[in-house]
Amino acid sequence: LTFNLEQYIRYSRTSGTRGEAISWMDTAEDWDWMLGNWDSILEHAGVRTGASCFFAFSFGPFLGFWTAYDAAAKMNFMTIPGGGLNSNARLKLLEDTSANVLLCTPTYALRLGKSLPKNHKHSVNKIIVAILKGKYEEPVTKTDEEFMNSNLHFIRSECIEHILNEANEFLENSWNKI
């Protein structure tokens, strides 16, 4: 450890999907730095005062969405945890809370969109998803301006074009027309 144990405030661990899980701890300074990164992501995605953010994932010890959640709360956005719920329960909670920002993985956004019942009412106008670097080879071809103006915002630019196209098609055909 770099610091005395009592200086650490957060424990995190990777999923272990690509090998053995890795654990680490963060100090308050580390955590604040990561929240600052999320501040930028949310600002660039156009999330503004009065936003209601729905987090459609189980938290566990994964730091990515814990930091997103904490940053949204720090920015005074309504934060709605959707962990431990199945897709139908999440869709119901999205409807009940009128959340307008959905944070989740790209595959789950697609799955949730395909699960939408006909005439389902929701208020989602932005979906923020994370893409893991190295999972795909091709870069995104949208310009920064096109990226910032779209309703679908990726946290990392290392995602491939077909995922972006599929996700945008999903937004146009599923979420935005219901």
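Points to keep in mind about this one:
- Considering residues of the stretch 1-32 that are assigned to a helix (DSSP H, G or I) and closer than 13 Å to residue 63 by Cα only, the residue most open to solvent (accessible area, probe 1.4 Å): 32
Per-residue answers, yes or no, for (1) closer than 20 Å to residue 42 by Cα; (2) surrounded by fewer than 16 Cβ atoms within 10 Å (Cβ to Cβ):
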| position | (1), (2) |
| --- | --- |
| 76 | yes, yes |
| 82 | yes, no |
| 95 | no, yes |
| 112 | no, no |
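- In the set (1) small (Gly, Ala, Ser); (2) assigned to a loop (DSSP other than H, G, I, E, B); (3) in contact with a strand residue (DSSP E or B) (Cβ under 6 Å, 6 or more places away or on another chain), the condition left unmet by residue 50 is number (3).
- Criterion applied to 67, 79 was being assigned to a strand (DSSP E or B) and under 20 Å from residue 128 (Cβ atoms), and the one residue passing it is 79.
- Residue within the stretch 39-46 that is in contact (Cβ under 8 Å) with a residue 12 or more places away in the chain and assigned to a strand (DSSP E or B) present: no
- Evaluated against (1) in a helix (DSSP H, G or I); (2) at pLDDT 80 or above; (3) under 16 Å from the mean Cα position of the chain (by Cα), residue 110 falls short on exactly one condition, (2).
- Among the residues of the stretch 46-68, the ones that are open to solvent by 10 Å² or more (accessible area, probe 1.4 Å) and farther than 19 Å from residue 123 by Cα come to 9 in all.
The values are calculated or read from the model by the stated rules, or taken from the named source; none is laboratory data. Nothing here was measured: the structure is a model prediction, and the numbers come from that model. Virtual Cβ from ideal backbone geometry, glycine too; neighbours counted across all protein chains shown. Side chains included, ligands, DNA and RNA excluded: accessible areas come from the protein's heavy atoms. Shrake-Rupley method; radii C 1.70, N 1.55, O 1.52, S 1.80 Å.
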